[in-house]
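The values are calculated or read from the model by the stated rules, or taken from the named source; none is laboratory data. These numbers were taken from a predicted model, which means no experiment stands behind them. Cβ placement follows ideal geometry from the backbone for every residue including glycine, while neighbour counts extend to all protein chains displayed. Just so you know, the surface numbers come from the protein's heavy atoms only, side chains and all, with ligands and any DNA or RNA stripped out. Shrake-Rupley method; radii C 1.70, N 1.55, O 1.52, S 1.80 Å.
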Amino acid sequence: MQRSSSSSSLTKQLGERWLTLLNRLQEDPKFAQVMSTRIGQYLSSRPFLALALLLFSAMAALPVGIFLLFAIITIVMSVVGFVFFEVFLLFVGGMTLLSVLSGIALFSLLASVIVTGVFVTLPNLLRRQYYLTKRNENEEGTQEMKQK
C-alpha cells in the first residue's frame with residue numbers, strides 16, 4: 001500500500017513538473033513566435049504528430065551529429081593528408097630538380113674542360129706542326145742546295 005502511495009505522489013510530482021515546464025515553454029517569446037506560424041498551428045492541432053516529430057528530432061540528433069563529426073574529421077584528415085602529399089611531391093620534385101641540375105653542372109664542367117683543352121692544345125699542335133713542316137722544308141731546301 002505504501003508503495004502505491006509513494007508511486008502516486010511521484011507521479012503527481014512528475015505531472016506538476018511537466019505542467020510547469022509546458023507553461024514556461026508556452027510563455028517563451030521564441031516558442032510563441034514559432035507556434036504562431038502555419039506549421040506551429042498545424043502541430044498544435046495534431047499533438048500526436050507533434051510528439052512524433054519531437055521524438056524523431058531528438059532521436060535523429062545523435063546520428064546526425066555523429067555523421068557531421070565524421071564528415072568534419074574526414075575533411076580535416078583529407079586536408080592534412082593533401083598537405084602532406086603536396087609536401088612529399090614538392091620534396092620529390094625538388095630532389096629530382098637538384099639531381100638534374102647537378103648532372104647538368106657536371107656535364108657543363110666536363111664539357112668546358114674538354115673545350116678549353118681543345119682550344120689550348122689545338123693551336124699549339126698546329127703551331128708546332130707548322131714549325132716542323134717549315135723546318136723540314138728548310139732542311140730539304142738546304143740538302144738540295146748541297147747536292148747541287
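Of all the accessible heavy-atom surface of segment 1-91, with the other protein chains kept in place and a 1.4 Å probe, what percent is carbon and sulfur? Write down the numbers at each step before the final one.
Details: 6420 of 8580 Å².
In segment 1-91, the share of accessible area belonging to carbon and sulfur is 75 percent.
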* Residue of G93, G15, G65 that the Gaussian network model of the chain assigns the largest fluctuation, springs spanning Cα pairs under 10 Å -> G15
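First measure r as the distance between the Cβ atoms of N138 and V118, then evaluate 1/(1 + (r/R0)^6) with R0 = 41 Å and state the FRET efficiency to the nearest 0.05.
Working: r = 30 Å, r/R0 = 0.72.
Efficiency, rounded to the nearest 0.05: 0.90.
I'd like the Kirkwood hydrodynamic radius of the chain, using the inverse of the mean 1/r over distinct C-alpha pairs, in Å.
So the Kirkwood estimate lands at 27.1 Å.
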* To do: For M35, tell me the accessible area in Å² from a 1.4 Å probe, rounded to the nearest 10.
  => 60
* Structure fact -> Length gained if V83 through M59 is fully extended, taking 0.36 nm per residue and subtracting the Cα-Cα distance, is 4.9 nm
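Per DSSP H run of at least 4 residues, take -39500 (n - 2.57); add these up for the chain, divide by its residues and hand me the 222 nm value, nearest 500 deg cm²/dmol.
Values: 4 runs with 142 residues, N = 148.
Calculated from helices alone, the mean residue ellipticity at 222 nm is -35000 deg cm²/dmol.
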* Asked: Over segment 8-64, how many percent of alpha carbon pairs lie in each 10 Å bin up to the one with the longest distance?
  -> 20, 38, 36, 7
* **Average accessible surface area per residue within the chain, 1.4 Å rolling probe, Å²** => 94
* To do: Springs between alpha-carbon atoms under 10 Å, Gaussian network over the chain: tell me which of T116, T37, T133 tops the mean-square fluctuations.
  => T133
